[in-house]
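Heads up: the structure comes next, in C-alpha cells.
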Amino acid sequence: MTGALRLGVNIDHVATVRNARGAGYPDPVRAALLAAEAGADGITAHLREDRRHITDEDIARLSAELPVPLNLEMAATEEMLAIALKHRPHAACIVPERREERTTEGGLDAAGQHNHLAYFVDRLGAANIRVSLFIEPEPAQIEAAIRLGAPVVEFHTGRYAHLAEEEQAAELKRLADAAALATKNGIEPHAGHGLTFENVVPVAAIPQVRELNIGHFLVGEAIFTGLEPSVRRMRDLMDSAR
Ligand code: PXP
C-alpha cells in the first residue's frame, strides 16, 4: 500500500539571502508560514555550527510560530543537543557536518559512529523528539540505524540528483531497495537533497518513502514564481507520483 507522502520545506537559504546583507529580510519564518499555507506538511531548518544561515533566534521563532511540525537538522554535538532539548521540535534529523563543506556532503557514518550517535539518539528520543538519521541508501547504514533504534532514516538523494538522467536507474533502485529494507524493519524512510521539479517524481514514486525534504531548489524557484507557487507545484508533482 502507498502511504501519504509529506513535503518538508527547508527554509535555510531564505536565511542565506538575509545574512548576505546582515539585514532583517527576507525572513525565514515568514517563508515557513507561506510554505505551510501552500501545502508544506512540515518545515525543516538546519542550525549549523557556524550559523551561516539559520540562527538560534530563527529556531526559537520557528518553534513558537509554526502551525506545522518543525524538523531540526543538527550535528551530533552537545551544543545542538542542548538546543534541541530546549525547543523540543517535533523531529530532529542528525546530519554530518564539516565546517568547510558548502552543503551536507554524504550521509552519516551511522555504522562507524555507533557509540557516539547512540547517546544522541537516546537523549532526543527520551525527550519525545522523533529522531531521523541522514544516511546513504546502503544496507550497512540501515542496519546501523536499526541497532541504534532510530525511528526514521532520511536517505541522501544527492548522488541521484547529480547523475545524468540516463544514469539514474541504478541509484533509484538503491533508494527503493533501501526504503523497502527500512520499512521491513519498522523504520520510516524519508529522502532529500538536491530534489527539483525535474527529478522529484521517481523518488516520490517509491511507495515506502513517507517524506521528502526539499529546500534549495524551492527557494531558488521562488525568485521567479514566488514561494507559494513553487511549493504548490512541488506538492502537485509529488501527489502525481503516488
Ligand atoms: N535533507 C537534509 C538532511 C539536508 O541536509 C538538506 C540540505 O540542507 C536537505 C534535505 C535539502 O536539500 P536541498 O536544499 O538540496 O533541497
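For the stretch 226-242, backbone phi angles converted through the Karplus equation (6.51, -1.76, 1.60; θ = phi - 60°) give residue-by-residue couplings of x, 5, 5, x, 5, 5, 4, 5, 4, 4, 5, 4, 5, 5, 5, 7, 8 Hz, Gly and Pro being listed as x. Over the Cα atoms of the stretch 1-95, each weighted equally, I'd like the Debye log10 I(q)/I(0) at q = 0.21 Å⁻¹, rounded to two decimals. Here the Debye-derived log intensity ratios amount to -1.02. Using C-alpha pairs under 8 Å with a sequence gap of at least 6, the mean separation divided by the residue count of the stretch 111-211 gives a relative contact order of 26 percent. Along its principal axes, the chain has C-alpha extents of 45, 40, 33 angstrom, given from the largest down. Normalising the average separation of contacting C-alpha pairs (under 8 angstrom, six or more residues apart) by the number of residues puts the relative contact order of the stretch 1-100 at 25 percent.
The Cβ shell under 12 Å around residue 138 holds other residues with a net charge of -3, Lys and Arg each +1, Asp and Glu each -1. Across the stretch 161-242, C-alpha contacts under 8 Å between residues 6 or more apart give a mean separation that, scaled by the residue count, equals a relative contact order of 29 percent.
Using the Cβ-Cβ distance between residue 19 and residue 162 with R0 set to 30 Å, the FRET efficiency from 1/(1 + (r/R0)^6) comes to roughly 0.70. Largest accessible area first, the residues 181, 62 order themselves as 181, 62 under a 1.4 Å probe with ligands, DNA and RNA left out. Computed from backbone phi, the HN-Hα couplings of the stretch 193-198 come to 3, x, 7, 9, 4, 6 Hz, rounded to whole numbers (Karplus: 6.51 cos²θ - 1.76 cosθ + 1.60, θ = phi - 60°; Gly and Pro given as x). Distant-in-sequence amide contacts of residue 157, defined by a placed amide H-H separation under 5 Å and a gap of 5 or more residues or a different chain, comprise 192, 193.
Distance between the pseudo-spin-label points of residue 128 and residue 85 (7 Å out from Cα toward the beta carbon): 1.7 nm.
The GluC sites (Glu not before Pro) of the stretch 79-142 meeting both criteria, a DSSP state outside H, G, I, E and B (loop) and at most 11 other C-beta atoms within 10 angstrom of the site's C-beta, are 100, 101. Here the stretch 51-177 has 50 percent of its accessible surface on carbon and sulfur atoms, given a 1.4 Å probe and all protein chains in place.
Kirkwood radius and radius of gyration were both taken over the C-alpha atoms of the stretch 45-189, and their ratio Rg/Rh is 0.97. On a per residue basis, the chain carries 46 Å² of accessible surface, using protein heavy atoms and a 1.4 Å probe.
Note on residue 198 and residue 4: the extension gain reaches 67.8 nm, defined as 0.36 nm multiplied by sequence separation minus the Cα-Cα distance.
Sequence-ordered 3J(HN,Hα) estimates for the stretch 83-94 from the Karplus curve with 6.51, -1.76 and 1.60 and θ = phi - 60° stand at 5, 4, 5, 6, 9, 6, x, 4, 9, 9, 9, 7 Hz, glycine and proline given as x.
Loop-resident GluC sites (Glu not before Pro) (DSSP state other than H, G, I, E or B) in the stretch 136-224 with no more than 16 further Cβ atoms inside 10 Å of their Cβ: 198. Rounded to the nearest 20 debye, the dipole size of the stretch 45-103 about its Cα centre is 100 debye, using +1 on the Cβ of Lys and Arg and -1 on the Cβ of Asp and Glu. Counted residue by residue at 0.36 nm each, then reduced by the alpha carbon distance between them, the extension gain from residue 77 to residue 242 reaches 55.7 nm. The Rg/Rh ratio for the stretch 54-127, using Cα coordinates for both the radius of gyration and the Kirkwood hydrodynamic radius, is 0.97. Let's test the formula: R0 of 35 Å, r as the Cβ-Cβ distance of residue 114 and residue 52. What FRET efficiency results, to the nearest 0.05? It comes to 0.75.
The values are calculated or read from the model by the stated rules, or taken from the named source; none is laboratory data. Remember, it's a predicted structure, so these values are computed and weren't measured experimentally. Cβ coordinates were reconstructed from backbone atoms using ideal geometry, including for glycine residues, and neighbour counts include every protein chain displayed. All accessible areas refer to the heavy atoms of the entire protein, side chains included, with ligands and DNA or RNA removed. Shrake-Rupley method; radii C 1.70, N 1.55, O 1.52, S 1.80 Å.
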